[in-house]
Amino acid sequence: MPEDTLLYLFHDDQGRTITTPDRDEALVFVSALRDQTITETTLGQLYDDDPKALVRARAQYYWAQDLMSGTARGRVV
């Protein structure tokens, strides 16, 4: 996943950062949570802010650091 991939970020009830590249999917998740907002970020910024943030990709979750591993700033996954 390129580091400039746009992601939609929110937090679950436990405070974990969760992102998805699909805005509609983020809206569905947030509708089930109280007082949540969605913000936009990129994979590269997410990695800088929280390497263990969850990224939904290919119908499962990955840590941002796993999607950026392989080179100094990451390779396309």
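Using a Förster radius of 22 Å, what is the FRET efficiency between K52 and L6 based on their Cβ-Cβ separation? Nearest 0.05, please.
My answer for the efficiency is 0.65.
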### Task
Give me the distance in nm between label points sitting 7 Å out from Cα along the Cα-to-Cβ direction at A59 and E25, one decimal.
1.1 nm
### Task
With the cut-off at 19 Å, report for the chain the share of all Cα pairs above it, as a whole percent.
28 percent
### Message
Compute for the stretch 1-46: radius of gyration divided by Kirkwood radius, i.e. Rg/Rh, restricted to C-alpha atoms, rounded to two decimals.
### Response
0.97
### Message
Suppose the chain between R16 and A32 were pulled fully straight at 0.36 nm per residue; how much longer would it get relative to their current alpha carbon spacing?
### Response
4.3 nm
### Task
Out of all DSSP beta bridges with both ends in the chain, state the antiparallel percent to the nearest 5.
85 percent
### Ellipticity estimate at 222 nm from DSSP helix runs (n ≥ 4, -39,500 (n - 2.57)) divided over the chain, nearest 500
-6500 deg cm²/dmol
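Any read-out appearing in this document is the output of simple, stated calculations on the displayed coordinates, not a laboratory observation. Bear in mind that the values here come from a model prediction, so they are computed numbers and not experimental data. With ideal geometry, Cβ positions are generated from the backbone for all residues, glycine too; neighbour counts draw on all protein chains shown.
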